[in-house]
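Each reported figure results from applying straightforward, stated rules to the coordinates on display, with no laboratory input. Just so it is clear, the structure is predicted and the values come from calculations on it, not from any experiment. All Cβ positions, glycine included, derive from the backbone under ideal geometry; neighbour counts span all protein chains shown.
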Amino acid sequence: MAERKAAVERNTLETQVKVSINLDGTGQARFDIGVPFLEHMLDQIARHGLIDLDIQCKGDLHIDDHHTVEDVGITLGQAFAQAIGDKKGIYRYGHAYVPLDEALSRVVIDFSGRPGLHWHVPFTRAVVGNFDVDLFIEFFQGFVNHAQVTLHVDNLRGINTHHQIETVFKAFGRALRMAVSHDERMAGQMPSTKGCL
């Protein structure tokens, strides 16, 4: 089986982002982004998705976190699209329910080749620490557009905003792990009646 790895760089006047990814990793992660709460959430993707991630970003944080968060999502999506290759033999679909104390989230993903984000996360607070939680929709929209996936994100309940978003990222990691896994019965086959994704 070919290695499913990618290294992508994205450079703009606002950010310089480097992402290295291994879809068949062990959950190792290294981040140098300058936004600690985002790094904490990305660590959930690596750990619960068993995906090795190395993400570095130099962004215009003196303005705010917006461009950094969005561009990390975009570049991570590009890396996924590159690493997953032709999608033959993968499960394609993934889903997970993840609780954290009072919070519960569901994430469902389809490596469909069609970008679509359906986001239903009623945050109970606007900020965690110094982080504007509205930026997470920008992260996921960037990922979806460039990974070319359909993604449904639902926080079903929660009071603590940190718990709400952490359940989303943990569920996202688990759903990714399922979707990109190889199904031995589908070896070499495209998981679509169209013959392509």
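Within the P(r) computed for the chain, what percentage of the Cα pairs occupies the region above 30 Å?
More than 30 Å apart: 15 percent of the Cα pairs in the chain.
Across the range 151-158, in residue order, what do the Karplus-derived ³J(HN,Hα) couplings come to in whole Hz, using 6.51 cos²θ - 1.76 cosθ + 1.60 with θ = phi - 60° and x for Gly and Pro?
Once rounded to whole Hz, the list reads 9, 10, 10, 10, 8, 7, 6, x.
Would you mind calculating the relative contact order of the range 5-186 from Cα pairs under 8 angstrom and at least 6 residues apart, reporting the percent as a whole number?
Over the range 5-186, the number comes to 27 percent.
If you take the beta carbon distance between residue 193 and residue 137 as r and set R0 to 45 Å, what does 1/(1 + (r/R0)^6) give as a FRET efficiency, to the nearest 0.05?
With R0 = 45 Å, the Cβ-Cβ based efficiency is 0.90.
DSSP loop trypsin sites (Lys or Arg not before Pro) in the range 57-116 with at most 16 other Cβ atoms within 10 Å of their Cβ, which ones?
88
Can you list the residues, at least 5 places off or on another chain, whose amide H is less than 5 Å from the amide H of residue 88, using H built in the peptide plane?
Those qualifying (amide H under 5 Å, at least 5 residues apart or on another chain) number zero.
How many nm separate the modelled label positions at residue 30 and residue 157, each set 7 Å beyond the Cα in the direction of the Cβ?
4.2
Set the Förster distance to 30 Å, then compute FRET efficiency between residue 12 and residue 91 from the Cβ-Cβ distance, nearest 0.05.
0.30
For the range 30-88, what does the alpha-carbon gyration tensor say about shape, rounded, prolate or oblate, given a ≥ b ≥ c as the root eigenvalues, a/c under 1.5 as rounded, and a/b over b/c as prolate?
oblate
Tell me, what ³J(HN,Hα) does each residue in the range 5-18 have, in order and in whole Hz, if you take phi through Karplus 6.51 cos²θ - 1.76 cosθ + 1.60 with θ = phi - 60° and put x for Gly and Pro?
In residue order, the calculated couplings are 10, 7, 9, 10, 10, 9, 10, 10, 6, 9, 8, 10, 10, 10 Hz.
Specify the longest stretch of the chain that does not include any exposed loop site, a site being one of the GluC sites (Glu not before Pro) with a non-H, G, I, E, B DSSP assignment and at most 15 other Cβ atoms within 10 Å.
For GluC sites (Glu not before Pro) (loop position, at most 15 other Cβ atoms within 10 Å), the longest site-free span of the chain is 103-197.
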